[in-house]
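Single-structure report; data block below.
Laboratory data are not the source of any read-out in this text; all were calculated from the coordinates shown. Quantities reported herein were computed from a predicted structural model and do not represent experimental measurements. Positions of Cβ are generated from backbone atoms using ideal geometry, with glycine treated the same way; all protein chains shown enter the neighbour counts.
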Amino acid sequence: MTTTTHYRSCPLCEATCGVAVTVDGDRVTSVRGDDDDPFSRGYICPKGTALADLHDDPDRLRHPMIREGSSWREVDWDTALDHVAAKLLAVRAAHGKDAIAVYQGNPTAHNLGLITYGQLLMRTLGTRNAYSATSLDQLPHMLAALLMFGNQLLMPVPDIDRSDLFICLGANPLASNGSIMTAPDVKGRLKAIRDRGGLVIVLDPRRTETADKADRHLFIRPATDAVLLLAMIHVLFADYLVTPSRPRRLETTGLDALRAAASAWTPERAAVITGVAAADIRELARALARTPRAVLYGRVGVCTQEFGGLAAWLCYAVNALTGHLDEPGGLMFTTPAIDPLPLAKLLGFDGGFARYRSRVSGKPEFGGEFPVTVLAEEIETPGDGQIRALITSAGNPVLSAPGGPRLEQAFAKLDFMVSIDPYMNETTRLAHVILPPTSALERSHYDAALNAFAVRNVAKYSPPLFERAADARHDWEICLALWTRLGVPRRLGPGARLVRRLLGKLGPEAIVDLALRAGPHRLSLKKLRAAPHGLDLGPLESRLPGRLATTDRKVHLAPAEYLADLARLERRFAAPAAGHGPGDLVLIGRRHLRDNNSWMHNTERLVKGPPRCTLLIHPNDAALRGLAAGDRARVSTTKGAIELVVEVSDTMMPGVVSVPHGWGHGRAGTRLRVASAHAGASVNDIVDPAVIDELSGTSALTGQRVEVARA
Ligand SMILES: Nc1nc2c(c(=O)[nH]1)N[C@H]1C(S)=C(S)[C@@H](COP(=O)(O)OP(=O)(O)OC[C@H]3O[C@@H](n4cnc5c(=O)[nH]c(N)nc54)[C@H](O)[C@@H]3O)O[C@H]1N2
Ligand SMILES: Nc1nc2c(c(=O)[nH]1)N[C@H]1C(S)=C(S)[C@@H](COP(=O)(O)OP(=O)(O)OC[C@H]3O[C@@H](n4cnc5c(=O)[nH]c(N)nc54)[C@H](O)[C@@H]3O)O[C@H]1N2
Ligand code: SF4
Ligand SMILES: [Mo]
């Protein structure tokens, strides 16, 4: 037996761990953490081990598939691509550019081919109907980056390795492995904070895995984070603790407006709304102000709620007010080897908000996209600009977006749908054509997106581990082939056609090489090839004001968009318990280390053990409904009901129940043998898609009212 070991980075989540993959011929015999990776130092999670399962999965599609009625047939690539192009061109000729919609899912950010060529394809279609998982996720952070720092990609990250106080709001990095905080082995990094005498404080409606490893956990009522943060800011002003320019000179605007905005939000008032005691709110603010190296980190629980826009803004603002923006141990901007800002500008991805609005319900555009909340209505509503065709790429909105059942019905009405995806899953089974890309082990990888949000500046190149089959296509080749067939819009001129021809010859690796050479560390692919475990480029550095993209080169602490939205918050909480009587329940989600949204349940290794798609409920709330552990409960909203097994747990805040997303694999017509045997129910069947953050259009995935009863 001749085995060889290869060093790569895992492309499955944002942690970007180094893996050591041992292969025997064309078979993976083991996947371990790479001890010599300077960033992840041997850490991996169970999903990393499952990389091989994904590669070997017999359900993973290897050939393009065309659907006729309910039956599928394999076709060759040219047949599939010609068919797709003919259908899309016909829709465009008859109904115009906006009639073709695109939806790009989460793995886009983890896939070099999709963030380069995928993005080029989708952007040059010229459609306003562009959608992505952004509006189910980090849109509020991006909006805050745009309005406060001048570019939507300028999201600062917590300098966790140098913090002595880490306040974690609406994130569970011990399960998620961190997000907009690329930090392999968060558990080790949080332990290091405590080992050096620092504090970790978690505010979450559930006592999470992260909270269990923290010094302190405080329950917070869902969707009230903006109130908590305003009260913290209130305390900072009241106690004369505002020091945005400490220790370096940081120029800001909006300080007075922020003071005024927070003036009505006393800790006492906030305590009634948030469930966090006034004394704790004061202490949080004071600790943040008095600890020289401290950070407040907010993530998906903060974004995907009714006041996600305000909350994301205030997370950045509270760090700025306490002198922790752009300072070691605080919220810092990265210096990645490939600077995404100029590239994004090239792709027309440099941001913009509410420059135009959606046709049916007037929701604001963000970064050239509409929020997913309007996708179904834009398909269903007749008239000029109605969506007739859809391209999904690396997305599973039927499970991931609220209102899954309505989306299913809408997709079934489309004239044409094509999915670039390795699986026939809940979404892609509705397509007319599926174009499956190569597996992660068959393609090269460079974390162009996630390195820009890493807690150290790092760079690593992963060449393909296996040669792909002769008739397999990478994501970038699929996108380029479609781009070629669909043509470059005339408005982009002859230059664009030339660029496309050039890009066709280059491939993503050459783009990476060029971008590395142009980047701040002057790297090249050659240098990265010579360092198979990856390069450490050092800790984060202070980058302001130079890195700011605001026209006045100042940090905007109180953009007008947010100030205007405060009235909505005020109205919502005018009566503190509005809509929340005793016994009322609100819904939150949760992630588990062995899930990855909806798409990794087809491997036995990751789904074995007790069912994970359960309802978590506090003992008092369970008792009130006559529910005991192991019972089946019916969880319902105005949108419908799902049934789940009950887990009674005092890790839940009273009045709050938790159901994970990404399950519900029992739908007919998928090809997911393992997942359908562990189907669970889809929480997005009952989450109301109309409940959104009205400011940003982001879906409110957390904090919606539910009823729970014995099934
Ligand atoms: N294992 C695993 N890892 C993943 C994923 C996965 O599905 N599984 N998904 C990946 C993706 S796409 C993302 S975006 C990241 C997300 O990474 P994180 O942001 O860490 O996401 P979660 O683990 O869902 O943690 C969100 C926390 O917010 C809490 N919460 C809910 N509502 C509220 C609220 O209103 N206020 C506050 N303060 N807290 C609230 C929840 O209880 C939960 O503990 O994870 C990524 N990593
Ligand atoms: N209720 C509730 N809903 C949520 C969330 C929540 O916390 N609660 N979280 C939200 C968040 S943060 C996110 S990011 C979204 C995710 O929403 P989506 O991105 O729509 O969903 P995923 O489950 O990540 O689906 C990924 C799809 O990409 C495919 N895929 C995987 N790898 C590749 C690849 O390399 N190339 C291609 N072409 N396809 C690939 C998979 O087969 C799958 O179909 O879900 C959101 N939905
Ligand atoms: S933490 Fe993320 S990057 Fe690391 S092994 Fe697990 S899935 Fe892969
Ligand atoms: Mo996400």
Revision key, fill the gap. Shape descriptor, the stretch 448-603: equivalent ellipsoid semi-axes (Cα gyration tensor, sqrt 5λ, whole Å, largest first) stand at 41, 26, 24
Exercise for review: Please pull out the direction-averaged projected area of the chain, using the convex hull of its alpha-carbon atoms, in nm² to one decimal place.
Suggested key: 28.8 nm²
Practice item. Take the Cα atoms of the stretch 1-137, find their three principal axes, and give me the spread along each one in whole Å, biggest first. Key: 57, 34, 23
Revision key, fill the gap. Residues other than Asn457 with Cβ under 14 Å of its Cβ, Lys/Arg counted +1 and Asp/Glu -1, net out at 0
**Study point:** Largest to smallest principal axis extent of the C-alpha atoms in the stretch 399-489, angstrom
**Key:** 45, 35, 31
Exercise for review: Quote the convex hull volume per residue of the stretch 92-187, based on C-alpha atoms, as a whole number of Å³.
Suggested key: 132 Å³
**Study point:** Alpha-carbon Debye profile of the stretch 566-637, log10 I(q)/I(0) at 0.13, 0.17 Å⁻¹
**Key:** -0.63, -0.87
Point to revise | Compactness index (Cα Rg / 2.2 N^0.38 Å), the stretch 109-260 | key: 1.25
Practice item. Give the Rg (one decimal place) followed by the Dmax (whole number) of the stretch 495-572, computed from C-alpha coordinates and expressed in Å. Key: 21.1, 59
Exercise for review: Sum up the charges of everything whose Cβ sits under 15 Å from the Cβ of Ala709, counting Lys and Arg as +1 and Asp and Glu as -1, but leave Ala709 out.
Suggested key: 0
**Study point:** Two-decimal log10 I(q)/I(0) for the stretch 563-711, as the Debye equation yields it once each C-alpha is a single scatterer, q = 0.18 Å⁻¹
**Key:** -1.10
Exercise for review: Provide the net charge surrounding Pro437, with neighbours chosen by a C-beta distance below 14 Å and charges set as Lys +1, Arg +1, Asp -1, Glu -1.
Suggested key: -1
Check your understanding: What area, in nm² and to one decimal, does the C-alpha convex hull of the stretch 201-264 cast on average over all directions?
Key -> 6.0 nm²
Exercise for review: Would you pull out the residues with amide H under 5 Å of Met332's amide H, same chain only if 5 or more places away, H placed 1.01 Å from N?
Suggested key: Val157, Asp159, Asp326
Review point. When only C-alpha pairs under 8 Å and at least 6 residues apart count, what is the relative contact order of the stretch 411-464, in percent?
Key: 27 percent
Study note, to complete from the structure: The convex hull of the Cα atoms of the stretch 207-304, divided by residue count, gives a volume in Å³ per residue of 120 Å³
Practice item. Report, in whole Å, the centroid distance computed from the Cα atoms of the stretch 175-238 and the stretch 382-421. Key: 36 Å
Review point. Cα-based Rg of the stretch 650-691 per 2.2 N^0.38 Å, rounded to two decimals?
Key: 1.48
Revision key, fill the gap. Listed by chain and number, the residues whose amide H is under 5 Å from that of Val19, excluding neighbours fewer than 5 places away on the same chain and using placed H, are Arg8, Ser9, Cys10, Asp34
Exercise for review: Rounded to whole Å and sorted largest first, list the principal axis extents of the Cα atoms in the stretch 624-711.
Suggested key: 40, 36, 23
Exercise for review: Convert each backbone phi in the stretch 146-153 into a coupling constant with the Karplus relation 6.51 cos²θ - 1.76 cosθ + 1.60 (shift: θ = phi - 60°), then list the ³J(HN,Hα) values in order as whole Hz, x for Gly and Pro.
Suggested key: 5, 6, 8, 10, x, 8, 5, 8
Check your understanding: What whole-number value in cubic angstrom gives the convex hull volume per residue for the C-alpha atoms of the stretch 593-634?
Key -> 101 Å³
Point to revise | Helix-derived mean residue ellipticity, 222 nm - over the chain, DSSP H n ≥ 4, -39500 (n - 2.57), to 500 | key: -8500 deg cm²/dmol
Point to revise | Per-residue ³J(HN,Hα) for the stretch 188-195, Karplus 6.51 cos²θ - 1.76 cosθ + 1.60, θ = phi - 60°, Hz, x for Gly and Pro | key: x, 6, 6, 4, 4, 4, 5, 4
Revision key, fill the gap. Diffing the stretch 519-525: the Karplus 3J(HN,Hα) column from phi (6.51, -1.76, 1.60, θ = phi - 60°), in whole Hz with x for Gly and Pro, holds x, x, 9, 6, 8, 8, 4
Exercise for review: For the stretch 434-533, take the alpha-carbon Rg, divide it by the Kirkwood Rh, and send me Rg/Rh.
Suggested key: 1.01
Revision key, fill the gap. Inter-part gap, Cα centre of the stretch 45-92 to Cα centre of the stretch 619-681, in whole angstrom, is 31 Å
Study note, to complete from the structure: If amide H atoms are modeled at 1.01 Å from N in the peptide plane, then the residues at a separation of 5 or more from Leu390, or on another chain, having amide H under 5 Å from its own are Ala101, Phe416, Met417, Val418
